[in-house]
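J.: Take a look at the following structure, please.
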Amino acid sequence: MSAKKPIRKAVFPVAGLGTRFLPATKAIPKEMLPIVDRPLIQYAVDEAREAGIDQLIFVTGRGKTAIVEHFDVAYELEDTMRERSKDMSVLESTRATPGNIITVRQQVPLGLGHAIWCARAIVGDEPFAIMLPDELMIGEPGCMKQMVEAYHETGGNLISVVEVPDEEVSNYGVIDPGATNGALTEVKGLVEKPPRAKAPSNKIISGRYILQPEVMRTLENQGKGTGGEIQLTDAMARMIGTQPFHAVTFEGKRYDCGNKLGFVEATLALALEREDMGADVRAMAQRLLSQ
Ligand code: UTP
């Protein structure tokens, strides 16, 4: 096992179909849907960069080119904005260092585990991060930074978890917890979407991972799991016991933007917190609620 090599690469699986957002996602990738004025993918990329990760690997599919374009130079737009003396700073975080965005293709969306496996040649023999852009993690520091800090202590594999009410556990991957030390919990097992009565905890896996490269070999011979998809959770579960495995309880707020209610909640919550519009949004929300 590679002991505490730095985390330089993050894989963003963005090849899913986003069926829960149809028809919006028929021609636009789910990851490009904006929360206020930034697409979901931008929040995830900014979070990775804050954690010191600069090599961004997008696992894409058909109809997803807008995601890569978003991090490219837009000459005409920039020229016109410059001519009209518009504020260019809004575009700053959409620039990538040349060579630092790498895309691979998942031809058929066979599941999250399969999407990650598609990046194996680029990940190589290094530990790497995985970020699911439809889970919006808002914290200070950001979720991935909290995880990288924990990784410096523990090494091995880490997943970020949040606690949810018991009635929600069966929608998610859940950890079987061992000893806890502050935000760190040893992971003894993982179950994908357990029935409420059989859930070993209410700590759910929340879209951020730091994994050792061995997971790629585990995924290689991974059969289909829940929903007929190749599940990342199943591969991670098989690695427990062979390598250190910990959960980091995220200190911050998680919004599940893969479903409509979570998306609307995130939009409202982030708009309310914005300095430039928070007060107006609050007044508007109060007006709407009192009707
Ligand atoms: P989701 O479970 O949210 O699936 O995937 P989805 O297809 O995007 O959306 P719905 O359920 O049809 O509405 C979680 C993450 O994994 C990626 C998705 O793009 C999303 O970021 N993913 C999922 C892949 O890249 N490939 C897959 O085969 C499945």
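Read the figures in this text as sums done on the coordinates, not as results from a lab. This one's a predicted model, so the numbers in the text were calculated from it and none came from an experiment. When we count neighbours, we look across all protein chains shown, and the Cβ atoms used for this are built from the backbone with ideal geometry, even at glycine.
J.: Along the positive direction of the dipole of the chain (beta-carbon charges: Lys, Arg +1; Asp, Glu -1; about the Cα centre), which of 230, 34, 143 reaches farthest?
T.: Of the candidates, 230 comes out farthest on the positive side.
J.: Could you work out how much longer the chain between residue 277 and residue 221 gets when fully extended? Use 0.36 nm per residue separation minus the Cα distance between them, nm to one decimal. Don't skip to the answer; put the middle values down first.
T.: Numbers: separation 56, 0.36 × 56 = 20.16 nm, distance 5.04 nm.
Extending this stretch completely gives an extra 15.1 nm.
J.: While we're here: Using a cut-off of 15 Å between alpha-carbon atoms, which aspartates and glutamates can reach residue 145, once sequence neighbours fewer than 8 places away in the same chain are excluded?
T.: Residue 145 reaches 46, 47, 50, 54, 153, 251.
J.: When you count, for each residue, the other Cβ atoms within 10 Å and take the mean per peptide, how do 70-76, 211-217, 110-116 rank with the highest first? Display every interim value, and only then the final one.
T.: Details: 70-76: 12.6, 211-217: 20.3, 110-116: 22.6.
Going by the mean number of other Cβ atoms within 10 Å, highest first, we get 110-116, 211-217, 70-76.
J.: List the residues, sorted by chain then number, that are 5 or more residues from residue 4 or on another chain and whose placed amide H is less than 5 Å from its amide H.
T.: 156
J.: Let me see the pair-distance distribution of the stretch 137-214: every alpha carbon pair, 10 Å bin width, integer percents in order.
T.: 18, 50, 29, 3
J.: Using the Cα centre of the chain as the reference point, and only Cβ charges (+1 on K/R, -1 on D/E), how large is the resulting charge dipole? Debye, rounded to the nearest 20. Could the numbers behind the result be given before it?
T.: On the way: 33 positive and 39 negative charges, 163 e Å.
Around 780 debye, computed over the chain.
J.: Please compute the length gained on full extension between residue 168 and residue 120, using 0.36 nm multiplied by the number of residues separating them and subtracting their Cα-Cα distance. Don't skip to the answer; put the middle values down first.
T.: Numbers: separation 48, 0.36 × 48 = 17.28 nm, distance 3.27 nm.
My answer for the length gained is 14.0 nm.
J.: What's the FRET efficiency of residue 102 with residue 77 using the Cβ-Cβ distance as r and R₀ = 30 Å, to the nearest 0.05? Let's see the in-between values first.
T.: Numbers: r = 24 Å, r/R0 = 0.80.
Efficiency for this residue pair is about 0.80.
J.: Compute the helix-to-body angle for 278-289: its Cα long axis versus the longest principal axis of the chain, expressed 0 to 90° and rounded to tens.
T.: 80 degrees
J.: While we're here: Pairs of lysine in the stretch 146-284 with Cα under 19 Å and at least 8 positions apart or on different chains: total?
T.: Values: 188/198; 188/203; 193/203; 193/224; 203/253.
Count of close lysine pairs: 5.
J.: Calculate how many DSSP beta bridges within the chain are antiparallel, expressed in % of all such bridges and rounded to the nearest 5.
T.: The antiparallel fraction comes to roughly 60 percent.
J.: For the stretch 190-232, give the magnitude of the charge dipole about the Cα centre (Cβ charges: +1 Lys/Arg, -1 Asp/Glu; no others), in debye to the nearest 20.
T.: 260 debye
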